[in-house]
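Worksheet for the structure shown next.
The values are calculated or read from the model by the stated rules, or taken from the named source; none is laboratory data. Just so we're clear, the structure is a prediction, and the values are computed from it rather than from any experiment. Cβ atoms come from the backbone with ideal geometry, glycine included; neighbour counts cover every protein chain shown. Each accessible area value is taken on the protein alone, full model and side chains, heavy atoms only, with ligands, DNA and RNA left out. Shrake-Rupley method; radii C 1.70, N 1.55, O 1.52, S 1.80 Å.
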Amino acid sequence: MNEKETAKTRLTDSGAAADLAALARQIAYHDVLYHQKDAPEISDAAYDALRLRYRKLLAEFPHLRPDGDPESRVGAAPVAGFGKVTHAMPMLSLANAFTDEDIEDFVDRIRRFLQLPKDDVPEFMAEPKIDGLSASLRYEKGALAIAATRGDGATGENITANVLTIADVPKKLNAPFPDIVEIRGEIYMNRDDFLALNAQREKEGEAGFANPRNAAAGSVRQLDASISAARPLRFFAYAVGEIAPLPPLGGRGDTDGDAAGLGGTTQQDLRSQLARWGFSLNEPSRLCSGGGALLDYYREIEALRHTLPFDIDGVVYKLNRSDWQERLGFVSRSPRWAIAHKFAAEQAETRLNRIIVQVGRTGALTPVAELEPVTVGGVVVSRATLHNEDEINRKDIRVGDVVRIQRAGDVIPQVIEVDLKQRDEKSQAFVFPTHCPECGSLAVREEGMAVRRCTGGLICPAQAVERLRHFVSRTAFNIEGLGEQRVRELWQDKLIRSPADIFRLQEHREALARREGWGGKSVDKLLAAIEARRKIPLDRFIYALGIRQVGEATAKLLARHYLNLENWRASMAAAYEAESPERRDLQDIDQIGPLIAQDIVDFFAEPHNLAVIDDLSRILTVEAYEKPSGGSALAGKTVVFTGTLATMSRAEAKAKAESLGAKVAGSVSARTDYVVVGDDAGSKADKARALGVRVLDEEAWRALLSSL
Ligand code: IVH
């Protein structure tokens with residue numbers, strides 16, 4: 001990473017919010033390409049760099065966490081075609097580390113969380129990180145019953161037939177084994193096998209895969225398992241999910257008394273047990289004491305990575321003791337007790353031929369670099385996102401420049417910098433367009449914003465079509481049979497100009513069936529898919545409107561708060577006045593805040609948006625939000641911790657409370673439900689008593705936890 005990248009940003013709140021939202025969108029876009037289409041457009045390094053930029057910016061502006069926050073999402077939702085499998089235990093991901101300092105922080109955080117004494121050096125299992133496709137294999141009574149991809153972490157695709165063809169996946173476990181056990185691991189391809197497969201495909205006139213990961217993912221996701229069978233896939237195991245009955249708890253490192261279970265109580269024992277059941281493990285692994293030993297391992301593996309038969313993109317460290325793993329638990333998408341330490345990116349130089357500007361659903365103009373195709377570590381790269389106008393100016397990127405690009409494992413890199421020595425003296429700075437390249441409307445950049453936007457709204461074909469596509473997309477109205485091509489056609493022919501027109505398409509059935517490439521059957525199928533969506537839950541409806549910064553999570557928050565469409569619509573219209581109680585109410589919703597509130601209010605200030613809502617509400621049934629019943633007694637409660645707790649660190653207490661659905665706040669107010677008071681508690685306890693908030697001492701808090 002160059003210095004410019006790490007320099008502290010000097011952004012305003014609104015600039016940071018726009019950047020965070022833009023980064024979140026880019027990450028989501030690349031997640032879909034990677035997880036669902038097996039066809040990433042950017043390298044892992046560029047992807048990691050995006051995530052790193054996002055994380056750093058969020059660390060500076062933690063109050064601006066955007067909608068669709070990638071930190072609280074793993075992978076992408078499953079694709080159609082395969083059956084779905086709900087994982088008995090969620091499949092999570094790993095946080096990434098890049099520097100020695102990140103690793104020291106990781107170890108320090110664990111020590112602090114567990115309150116380890118100075119002389120207690122934690123042990124870690126270190127393993128190579130193979131970049132493949134994670135899978136969960138469920139064994140019932142020792143026999144492979146179901147295999148699934150990770151999907152979005154909660155639900156994956158059923159790939160049992162394909163996995164049964166992988167030679168080093170045991171179809172039966174070696175005894176003894178528990179009744180049920182889910183084995184988690186990685187499906188991958190060796191480098192030589194990948195090269196041979198690509199050579200063969202080339203001979204047969206088929207496109208080669210970009211890298212071994214894509215080859216593995218593409219091979220597993222063959223609906224015809226005989227194709228998977230012909231591919232040289234491999235599997236190594238690294239973890240377990242559900243296991244039942246739970247094995248008896250032995251002493252630390254005690255594997256002997258373990259009849260049919262997990263295999264002792266360390267990561268090392270788990271690995272031995274996985275091997276006894278018949279799985280291959282990822283080697284070379286090593287048990288390391290403390291952070292220094294981890295860094296030694298990292299350097300050794302980095303030096304020998306090219307001699308391994310498979311590509312690796314880093315190493316993984318896992319705290320060895322399972323009881324400590326248990327206490328540390330998880331934070332959003334990854335465990336606190338493990339981390340992936342990534343290798344530095346590889347770089348190459350190439351010429352930038354053209355900068356094109358794309359227009360998105362919200363009118364954002366995004367510059368994209370078209371590069372002279374260049375091979376970086378065996379992958380041909382020809383495009384990269386340039387993020388925004390400022391990024392181009394900051395790096396002074398010009399058409400015709402020789403640019404340095406970066407990659408870690410594969411595909412398209414990120415533009416790192418320009419080689420000024422090779423710049424043509426006649427070259428000119430790139431002038432960002434002030435008008436939309438799609439519709440010619442003025443494109444403006446609001447004060448403090450990084451993004452320039454087209455003001456054409458629905459007259460801009462790019463925006464109109466993108467909005468309609470968003471409206472019918474899987475997570476919104478989920479109307480199958482209305483892909484980009486069809487939406488564009490119908491928009492151009494003025495059959496769909498606004499979302500409600502979709503529900504009037506049945507009036508044009510005959511005309512549709514006569515269209516080239518449509519046919520009566522497919523039109524009927526489409527019309528049936530549309531009819532099935534005349535009833536829609538409020539949160540999906542809100543999300544489908546495509547309001548800036550209102551993704552699925554925010555739409556849910558709004559639905560939960562306003563309960564029905566009429567109430568929401570009326571409140572949003574009234575929230576137009578910045579000082580109104582409705583505006584305050586809106587921005588007081590946890591995780592919404594003034595910036596998102598402003599975007600929602602702006603949406604409602606546009607008469608054509610109100611017309612869209614009203615038109616839709618006449619022809620659809622928007623279902624009121626239903627409060628889910630049940631949940632833990634702490635769910636939705638606000639807890640404040642003050643003073644020093646004797647039996648757990650503040651971080652552990654906070655994590656525990658959050659895992660039970662509570663919100664942990666820093667200060668006491670009348671809205672606080674519980675104040676947990678440790679030693680040397682200060683004024684917060686007094687304030688709580690004055691406000692009549694329930695005050696619990698540590699013992700009462702623990703009693704409350706154990707009663708749940
Ligand atoms: S452990 C709860 N160990 O990397 C922790 N993962 O970037 C589960 N991966 O989702 C992961 N090698 O697909 C683990 N030795 C290894 C791994 C490994 C590759 C993959 C895995 C994970 C992803 C996170």
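Step by step: first the residues of the stretch 130-166, then only those that are of a type in the set (Val, Ile, Thr) and more than 17 Å from the chain's Cα centre (by Cα), then the one that is surrounded by the most Cβ atoms within 10 Å (Cβ to Cβ). Which residue is that?
Among residues in the stretch 130-166 that are of a type in the set (Val, Ile, Thr) and more than 17 Å from the chain's Cα centre (by Cα), the one surrounded by the most Cβ atoms within 10 Å (Cβ to Cβ) is ILE159.
Restricted to the stretch 106-129, and to residues that are more than 16 Å from the ligand (Cβ to nearest atom) and touching a strand residue (DSSP E or B) at 6+ places or on another chain (Cβ under 7 Å), which residue is least open to solvent (accessible area, probe 1.4 Å)? Write out each step before concluding.
Let us first name the residues in the stretch 106-129 that are more than 16 Å from the ligand (Cβ to nearest atom), namely 107-109, 111-123.
Keeping just the survivors that are touching a strand residue (DSSP E or B) at 6+ places or on another chain (Cβ under 7 Å) gives 121-123.
Values: VAL121: 74, PRO122: 2, GLU123: 56 Å².
Per the stated criteria, the residue is PRO122.
Within the stretch 513-539, work out how many residues are within 23 Å of ARG618 (Cβ to Cβ), among the aliphatic types (A, V, I, L, M) and part of a helix (DSSP H, G or I).
Applying the first criterion (within 23 Å of ARG618 (Cβ to Cβ)) to the stretch 513-539 yields 526-539.
Within this subset, residues satisfying the condition of being among the aliphatic types (A, V, I, L, M) are 526-530, 532, 536, 538.
From what is left, the residues that are part of a helix (DSSP H, G or I) are 526-530, 538.
Looking only at that region, the number is 6.
Just give me the residues in the stretch 329-346 being more than 9 Å from the ligand (Cβ to nearest atom) and outside any strand (DSSP E or B), in sequence order.
Correct list: GLY329, SER332, ARG333, ARG336, PHE343, ALA344, ALA345.
Could you please find all residues in the stretch 195-212 being open to solvent by 10 Å² or more (accessible area, probe 1.4 Å) and touching a residue at least 24 places away in the same chain (Cβ under 8 Å)?
Here is the first cut: in the stretch 195-212, the residues open to solvent by 10 Å² or more (accessible area, probe 1.4 Å) are 195-210, 212.
Within the stretch 195-212, ALA196, LEU197, ALA210, PRO212 qualify.
Being part of a loop (DSSP other than H, G, I, E, B) and over 15 Å from TYR34 (Cα atoms) is the filter here, so list the residues in the stretch 139-157 that pass it. Outline the logic, then answer.
Of all residues in the stretch 139-157, those part of a loop (DSSP other than H, G, I, E, B) come to 141-142, 150-154.
Result: LYS141, GLY142, ALA154.
I'd like the full set of residues that are assigned to a helix (DSSP H, G or I) and either over 27 Å from PRO128 (Cβ atoms) or more than 16 Å from the ligand (Cβ to nearest atom) (or both), limited to the stretch 220-245.
Within the stretch 220-245, ALA225, SER226, ILE227, SER228, ALA229 qualify.
Given the conditions (1) in contact with a Phe, Trp or Tyr (Cβ under 6 Å, 6 or more places away or on another chain); (2) open to solvent by 30 Å² or more (accessible area, probe 1.4 Å); (3) among the small types (Gly, Ala, Ser), and given that ALA532 satisfies all but one, which numbered condition is not satisfied?
It fails just one condition, (1).
Identify, from the list ILE392, ILE355, the residue that is more than 15 Å from the ligand (Cβ to nearest atom), in contact with a strand residue (DSSP E or B) (Cβ under 8 Å, 6 or more places away or on another chain), in a helix (DSSP H, G or I) and at pLDDT 85 or above.
Numbers: ILE355 fails: in a helix (DSSP H, G or I).
Sole residue among the options that is more than 15 Å from the ligand (Cβ to nearest atom), in contact with a strand residue (DSSP E or B) (Cβ under 8 Å, 6 or more places away or on another chain), in a helix (DSSP H, G or I) and at pLDDT 85 or above: ILE392.
Looking at the stretch 299-325, which of its residues are part of a helix (DSSP H, G or I) and within 11 Å of the ligand (Cβ to nearest atom)?
Pass one, the stretch 299-325, residues part of a helix (DSSP H, G or I): 299-307, 322-325.
Answer for the stretch 299-325, where residues must be part of a helix (DSSP H, G or I) and within 11 Å of the ligand (Cβ to nearest atom): just GLN325.
Could you grab the pairs with beta carbons closer than 6 Å, sequence gap of 6+ or different chains, first residue in the stretch 86-105 and open to solvent by less than 40 Å² (accessible area, probe 1.4 Å), second one more than 8 Å from the ligand (Cβ to nearest atom) and among the polar types (S, T, N, Q)?
Pairs found: HIS87/SER136; MET91/SER136.
Would the stretch 465-478 turn up any residue that is among the hydrophobic types (A, V, I, L, M, F, W, C), under 22 Å from ASP614 (Cα atoms), touching a helix residue (DSSP H, G or I) at 6+ places or on another chain (Cβ under 6 Å) and assigned to a loop (DSSP other than H, G, I, E, B)?
Let us first name the residues in the stretch 465-478 that are among the hydrophobic types (A, V, I, L, M, F, W, C), namely 465, 468, 471-472, 476-477.
Now drop any that are not under 22 Å from ASP614 (Cα atoms), which leaves 465, 468, 471-472, 476-477.
Adding the requirement that they be touching a helix residue (DSSP H, G or I) at 6+ places or on another chain (Cβ under 6 Å) leaves 465, 468, 471, 476-477.
Pick out the ones that are also assigned to a loop (DSSP other than H, G, I, E, B) and you get 476-477.
So far as the stretch 465-478 goes, yes, one or more of its residues are among the hydrophobic types (A, V, I, L, M, F, W, C), under 22 Å from ASP614 (Cα atoms), touching a helix residue (DSSP H, G or I) at 6+ places or on another chain (Cβ under 6 Å) and assigned to a loop (DSSP other than H, G, I, E, B).
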